[in-house]
Amino acid sequence: MAEVGVPKVSVVVPAYNSGRHIEKLAASLLRQSLPADEFEAVFVDDGSTDDTAERLDQLAAEHPHIRVLHIENSGWPSRPRNLGVEHARGEYVFFADDDDWFADEALERLYACAKANDADIVVGKMAGYGRPVPRELFRKNRFDATLANAPLIDSLTCHKLFRRAFLNEHDLRFPEGGKRRLEDHAMVVRAYFLSRHTSVLSDYVCYHHVHRTDARNVTAGRLEPSSYYRAVREALDIVDVHTEPGPLRDRLHRRWLRNEMISRLRGKRLLEADEAWLEQVALETQKIIQDRFAPGVAAGLPPLLRAVAYLAERGRVADLRKLARWEAGIAAHGTIDELQRADHAVTVTLAAELRSENQPVGFRTDDGRDVLVLPMDEIAPEVLDATAQVRKARLDLVARHRETGAEIFLPNTFQTERITGTTGADTVHLVHRATATIDFAALNGGRTRGSWQLKARITNVGWTEDARLPLVFICRADGSRPRIRDQRKVWNRLRSAVGRRIKR
């Protein structure tokens, strides 16, 4: 129980020229199930030049649990966040951004999880809008998570609940001094290593994380390669201080190789990049791979990503472009084979596969190995060895709540079928088949009001791709029997109507 007069949670929000975008966050704070006298929000206006200061002052004037600090512009969220911690009074601190928002029960649930598990950190499930959020981390609740036993390293943004005494004990603050990219990585990685107990709350979407289309938030601009990868090296330094050479260090390093380097050198992201900028990113990546990573870092990647790392380490930018053009056509395709319903439950049987344009992704059989077929030569066969990954290929069925963005993994049974000869006499491709029963009386803890889109998610050899299936389930009330909308029928009617208009 929190001390008398001490809020349970302080929400710290840096704000700069937020304008109307801050309204959604403010409204979500005012809707919290945690009583207003048990939490506070500390907004730090970073020298806004629009009407943000007035909006915040009006909000604070109307709601005693909301406070506003006004500071000269620092140009980056680090200083406002640090000042917010200094002025926070709560037992726990949550760092939010001015254009995101909370689910209605978020603070109450996060605090309850922290107290039940004596946690220094609680990572609440996130929904992303125009930006990625961790998937595997939120597959289940994890009440004693560590960097060794859970994919915590996949979540390095600061949008988490931290015990304030823990932050102060270890002087956990964001690096200041100009525009410091990845400022949250440095703070969060240290916090993970120092935390006595870290919990992951996955059974409720707590935080909605948004990429603003107007890109006016200060961290939205394109990265400057030299300073950005200097920040990557600083994060790697923190890992190295807290680990010995070996599998754990390699796995943690792999996160930056995968997310901050390889992700920028593949697919549509590479093809849309300016040539000079891309050359810089490729060079920085090459230097970090050669200078900082043990062989086990790239070796632990799936074969597609190993191929990108292989080409980057050797400076083969032209081949990276060639691979990216091919990969840009990769997509998951799914079909519904059977649909059955009984009371509140629906059973779906489906098939899904990965294709590039109209061709399935293929594997060449070579001395008992499955070797990923890519549109280029001169890549060492061991780099493309996909045997282990093919055996671990997975098909998940995911129900996404269209109104809130919540994603629920559905229990399913699946099998992978090898089809021979489609892309060549010595090749195979994979078709994944799955069956899942969706009980709408139990799904998402019975909170099912609204519409649910069904997706088939294939994870294999470096791709995680979603096939949106043509089924939408609509629940008029929580836990109610769903109405099924088959999008195929909608499209068929549209095509038919268009055809009639053309005939007339």
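Sparse packing (at most 16 other Cβ atoms within 10 Å of the Cβ) combined with a DSSP loop state is found for the following trypsin sites (Lys or Arg not before Pro) in region 75-139: ARG89. Amide H contacts of GLY362 (H built 1.01 Å from N, in plane; Pro and chain starts excluded): VAL373 sit under 5 Å, all sequence-distant by 5 or more or on other chains. Rg then Dmax, both in Å and based on the Cα atoms of region 1-152: 15.9, 46.
By its C-alpha gyration tensor, with a ≥ b ≥ c as the square roots of the eigenvalues, how is region 107-245 shaped: rounded for a/c under 1.5, else prolate for a/b larger than b/c, else oblate? Since a/c reaches 1.5 but b/c is at least a/b, the shape of region 107-245 is classed as oblate. By the rule of a C-alpha distance below 14 Å, with chain neighbours fewer than 8 residues away ignored, the aspartates and glutamates paired with LYS115 are GLU3, GLU91, ASP144. For the chain, the carbon plus sulfur part of the accessible surface works out to 48%, probe radius 1.4 Å. Considering only PRO411, LEU236, ILE121, the residue lying farthest towards the positive end of the dipole of the chain is PRO411, judged by Cα position with unit charges set on Cβ. Here the calculated FRET efficiency for THR420 and ALA331, from their Cβ-Cβ distance with R0 = 25 Å, stands at 0.65, rounded to the nearest 0.05. Phi angles across region 74-89 convert, under the Karplus curve 6.51 cos²θ - 1.76 cosθ + 1.60 with θ = phi - 60°, into 3J(HN,Hα) values of 9, x, 7, x, 4, 4, x, 5, 5, 5, x, 5, 4, 9, 5, 10 Hz, Gly and Pro given as x.
The mean of 1/r over all distinct Cα pairs in region 258-353, once inverted, gives the Kirkwood hydrodynamic radius of 15.5 Å. In the assembled protein chains, LYS24 presents an accessible area of approximately 110 Å² (probe radius 1.4 Å). In this structure the amide hydrogen of ASP98, modeled in the peptide plane, comes within under 5 Å of no amide hydrogen from residues 5 or more places off or on another chain. Legend: distances between Cα atoms for LYS24/LYS322; LYS24/LYS392; LYS8/LYS455; LYS179/LYS455; LYS125/LYS268; pairs beyond 31 Å are LYS24/LYS322; LYS24/LYS392; LYS8/LYS455; LYS179/LYS455. Using heavy atoms of the protein chains and a probe of 1.4 Å, the accessible area assigned to HIS70 is about 90 Å².
The values are calculated or read from the model by the stated rules, or taken from the named source; none is laboratory data. It should be emphasised that the depicted structure is a prediction, and the values quoted were computed from it without experimental measurement. Every residue, glycine among them, receives a Cβ derived from its backbone with ideal geometry; neighbour counts consider all protein chains shown. Accessible surface is based on the protein model in full, side chains and every heavy atom, while ligands, DNA and RNA are left aside. Shrake-Rupley method; radii C 1.70, N 1.55, O 1.52, S 1.80 Å.
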